[in-house]
Ligand code: PXP
């Protein structure tokens, strides 16, 4: 399946990281979300972590109230997060694995071991009309498991590929890209909607945009970092252009 339009979900977590460095209200993640939408973001993504290191509970509620585009709520599959999500009622939830000691989401969700738990978990969200995606490694077994817990969407973890590109490890990068390509193809064939994200910059976003099965990219850290130098609006416009250039090559 070819998706001519590729959505950009802008993750604003690290605006909250900067805010929390001082503990006051600035910079405001909602302001960043509104600016991102004005510049062309198709949705806003925020990760409410168990330790609340960046996004806070009140941010999720303000984002839901304050933005006109879909809110994608990233969270671990805990009972507390389920209650919060059912209260906030975002457009979508992306379930991610979470370790307290990690700097960022290090790998994909272990859907195989947590199968029965996730089946019930996804069901509760879906019954509340919240679209569920699972953040997974690009492997066939995990993608099969994602379908079997009745997730409609998977988000492919692009972190290993982006890391190899950043390290100039060309061989590894090609292997990782092949894994993503196969996973996107397989996932779409078994009827899943395919998203991708983690570690993307202009170059990697351009390349991954050429995979026609992918309908959404979620990008955060790079965009907020670039915004320090050229502003958020300019950064999002350049990212949008990179994605459009890549998509032209999709076949
Ligand atoms: N998608 C998911 C599921 C994530 O957990 C993250 C990181 O919060 C991202 C996308 C965005 O990753 P990055 O901040 O590296 O662009």
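Can you confirm whether residue 165 is at pLDDT 95 or above and either away from the ligand (no atom under 16 Å from the Cβ) or under 23 Å from residue 71 (Cα atoms) (or both)? Talk me through it step by step, then tell me what you get.
Numbers: at pLDDT 95 or above: yes; either away from the ligand (no atom under 16 Å from the Cβ) or under 23 Å from residue 71 (Cα atoms) (or both): no.
Considered against the rule, which asks whether it is at pLDDT 95 or above and either away from the ligand (no atom under 16 Å from the Cβ) or under 23 Å from residue 71 (Cα atoms) (or both), residue 165 comes out as no.
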_I'd like to verify a number: residues in the range 6-37 that are under 19 Å from residue 91 (Cα atoms) and either part of a loop (DSSP other than H, G, I, E, B) or away from the ligand (no atom under 16 Å from the Cβ) (or both), how many?_
5
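Just to be sure before I move on: is residue 222 assigned to a helix (DSSP H, G or I), under 15 Å from the mean Cα position of the chain (by Cα) and either more than 19 Å from residue 70 (Cα to Cα) or at pLDDT 95 or above (or both) in the structure I sent?
Numbers: assigned to a helix (DSSP H, G or I): yes; under 15 Å from the mean Cα position of the chain (by Cα): yes; either more than 19 Å from residue 70 (Cα to Cα) or at pLDDT 95 or above (or both): yes.
Criteria met by residue 222.
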*What number goes with the only condition from (1) in contact with a helix residue (DSSP H, G or I) (Cβ under 8 Å, 6 or more places away or on another chain); (2) part of a loop (DSSP other than H, G, I, E, B) that residue 51 does not pass?*
(1)
*Going through the range 61-107 one residue at a time, which ones are closer than 21 Å to residue 8 by Cβ, surrounded by 15 or more Cβ atoms within 10 Å (Cβ to Cβ) and modelled with pLDDT under 95?*
105
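Residues checked against (1) assigned to a helix (DSSP H, G or I); (2) under 22 Å from residue 108 (Cβ atoms):
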| residue | (1), (2) |
| --- | --- |
| 147 | yes, yes |
| 179 | yes, yes |
| 191 | no, yes |
| 227 | yes, no |
| 234 | yes, no |
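Report whether or not residue 197 is within 11 Å of the ligand (Cβ to nearest atom) and surrounded by fewer than 17 Cβ atoms within 10 Å (Cβ to Cβ). So that I can check it myself, show each step before the final result.
Numbers: within 11 Å of the ligand (Cβ to nearest atom): yes; surrounded by fewer than 17 Cβ atoms within 10 Å (Cβ to Cβ): no.
No; evaluated as a whole, the condition is false for this residue.
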*Are there any pairs with C-beta distances below 6 angstrom linking a residue in the range 19-36 that is free of Cβ contacts under 8 Å to residues at least 60 places away in the same chain to a residue that is outside any loop (DSSP other than H, G, I, E, B) and surrounded by fewer than 18 Cβ atoms within 10 Å (Cβ to Cβ), with the two at least 6 apart or on different chains, and if so which?*
27/18; 30/62; 30/66
*What is the number of the single condition among (1) more than 16 Å from the ligand (Cβ to nearest atom); (2) closer than 24 Å to residue 72 by Cβ; (3) out of contact with any helix residue (DSSP H, G or I) (no Cβ under 6 Å at 6 or more places or on another chain); (4) assigned to a helix (DSSP H, G or I) that residue 186 does not meet?*
(3)
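Of all residues in the range 118-138, which are crowded, with 16+ Cβ neighbours inside 10 Å and either more than 24 Å from residue 211 (Cβ to Cβ) or out of contact with any helix residue (DSSP H, G or I) (no Cβ under 7 Å at 6 or more places or on another chain) (or both)?
118, 121, 122, 125, 130, 131, 133, 135, 137 - these are the residues of the range 118-138 that are crowded, with 16+ Cβ neighbours inside 10 Å and either more than 24 Å from residue 211 (Cβ to Cβ) or out of contact with any helix residue (DSSP H, G or I) (no Cβ under 7 Å at 6 or more places or on another chain) (or both).
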*How many residues, within the range 57-86, are in contact with a helix residue (DSSP H, G or I) (Cβ under 8 Å, 6 or more places away or on another chain) and more than 14 Å from residue 32 (Cα to Cα)?*
9
*Among (1) more than 16 Å from the ligand (Cβ to nearest atom); (2) closer than 21 Å to residue 32 by Cα, which single condition is residue 49 missing?*
(1)
*Somewhere in the range 105-117, is a residue in contact with a helix residue (DSSP H, G or I) (Cβ under 9 Å, 6 or more places away or on another chain), more than 14 Å from the ligand (Cβ to nearest atom) and either in a helix (DSSP H, G or I) or under 20 Å from residue 61 (Cα atoms) (or both)?*
yes
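The values are calculated or read from the model by the stated rules, or taken from the named source; none is laboratory data. A quick note: this is a predicted structure, and the numbers were derived from the prediction, not measured. Please note: Cβ atoms are built from the backbone with ideal geometry, for glycine as well, and neighbour counts cover all protein chains shown.
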